[in-house]
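No lab work stands behind these numbers, since they all come straight from the coordinates. Note that this is a predicted model, so its numbers are computed, not measured. No Cβ is skipped: glycine too gets one built from the backbone with ideal geometry, and neighbour counts run over all protein chains shown.
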Amino acid sequence: MNFSIRKRLLYLLLSTLCAAWGIVTWQVYVSTQHEVEELFDANLAQNARVLLGLIQHEIAQHEDEEHEDEEDEEDEEHEDEEDEEEIEFETDLHSGHRYEKKLAFLIRAKDGSILIRSASAPLFPKPHHHSKSYSDYQIKGYWWRVFTLKSKSLIVQTAERYDIRQELISEMMSSMLIVLLMTLPLIAFLIWIIVGSSFKPLQHIANEIAIRTPEQLHPLKRDKIPLEINVLVKALNQLFTRLARAFENERRFTADAAHELRTPLAGIKTQAQVAQRATDSQQREHALQKILIGVDRATHLVTQLLTLARIDASHRLPTSNINLHELISQIITEQMPQALEKSIDLGLENRATSQEIQGNQDALFFMLRNLIDNAIRYTPNSGQVTVSLENQKTTQITVTISDSGPGIPPEQQSAIFERFYRGQHQAIQGSGLGLSIAQKVAQLHQTKIQLNNLAKGLSVQIDFEQ
């Protein structure tokens, strides 16, 4: 099932953003609630101190006036009236601020009797001697926060309803949430546009690949490509390189097959025509024998071409543990009849204590058989071909194939690994593909074939890591 990366990114980013907003909002709510409580508690304490200061100032001023008044008796009666009378501020709370009825103050005498209270002030319980400065009371269904300030002669209580604080916090949080929710569609739109623009390089690559023909396998340009897409472009370029190599191998195989099969097929046709026109059985038999040799040569050539094509197409061969001594012994047994025909001394010298490597058995068999076969072909009659195994290093085994043939001139040693190169010994039957295939097999096993001319003959050396 296909899905849209753009939509998925939008969903994930918005979900993450909303989750972050939720955490931040909760943190802001907790912090705001704490700060509001601290601020309002401080305000209650400040109001109480201001009220106490004003009342004490009025009392002091009033006492000064008493000393100057000559009518002591009338002043005493007037003072008694003030001590006993409760003063209540009669105000119209409906005409003031809506929070006014949620704020209150109350002034008591030392004995707890009420001297002054605001119109909105309920009758708070009398404070005890050990009462705390801040108290919470539930009166007529409302919770009140009360601050009590005591002096030598007065008790001042300032109060406010708790719902003032909650309303303030709720309004602040609501305003913040409204702003956040209003910006959410804008943020979603911006994310959609930004993600879309970020995918433009990918769309550009898709368009470039879409208009290519099968023959256009050159690498994509990697300049101005984001790092995240660069990995994809690199993988595509590697794929294009492998495809180009495979197509090139296919074209080369077709060209090689057409070129190399032309000669043996022409020879087969010529010998068939000779056999067709032969007047005696001996001539016909000779022509048919030539046809069989030509067919064998063509079959060998096709086998070599197919092997080369298969190895060319391979970049990594399946490997297993290979015992080189057993593998070479098998090859020598197979090649012994060919060596005996030329009276060649073909032998194996094993000086290796460790003989196992990691490799592909079929490919190694083909490579070593080809090298031993070449040594037998180019060694004259009654010559010698020796295959030796030895451990040059603790983690390395060396295979050396030495012969008593004519050797290879140094200037030709690099050329003999090219396809269809036959060198100076054109009379010896072969396709010129064997060493090219052998070198390819060696490369797939992270090694190479080394050639060294001996005093008489040639030495072929291959070092395998164990």
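Local charge for GLY196 was computed over the other residues whose Cβ lies under 12 Å away, with Lys and Arg +1 and Asp and Glu -1, and equals +3. Spin-label pair LEU232-SER343: with each label point 7 Å from Cα along the Cα-Cβ axis, the two points sit 7.3 nm from one another. Taking a sphere under 10 Å around the Cβ of ARG145 and counting the other residues whose Cβ falls inside, with K and R at +1 and D and E at -1, yields a net charge of -2.
Counting only residues at least eight positions apart within a chain, or on another chain, the lysines with an alpha carbon under 21 Å from that of LYS269 are LYS290.
Taking label positions 7 Å along the Cα-Cβ direction at both GLU35 and ALA246, the computed distance is 6.6 nm, reported to one decimal.
Exceeding 22 Å between C-alpha atoms, which entries from my cross-link table qualify? They are LYS342/LYS448; LYS126/LYS152; LYS234/LYS448; LYS132/LYS152.
On the way: LYS342/LYS448 29 Å; LYS126/LYS152 16 Å; LYS234/LYS448 29 Å; LYS132/LYS152 17 Å.
Cα-Cα > 22 Å for LYS342/LYS448; LYS234/LYS448; rest within.
Count the net charge of all other residues whose Cβ sits under 11 Å from the Cβ of ARG369, scoring Lys and Arg as +1 and Asp and Glu as -1. Within the 11 Å Cβ shell, the charges total -3. Sorted on the mean count of surrounding Cβ atoms within 10 Å across their residues, most packed first, peptides 32-45, 154-167 read 154-167, 32-45. In plain terms, the chain from ASN321 to THR213 could stretch by 34.5 nm, reckoned as 0.36 nm per residue minus the Cα-Cα distance. Couplings for the stretch 198-214, taken from phi via the Karplus curve 6.51 cos²θ - 1.76 cosθ + 1.60 with θ = phi - 60°, read 5, 8, 4, x, 5, 5, 4, 5, 4, 5, 5, 5, 5, 8, 6, 8, x Hz in order; Gly and Pro are left as x.
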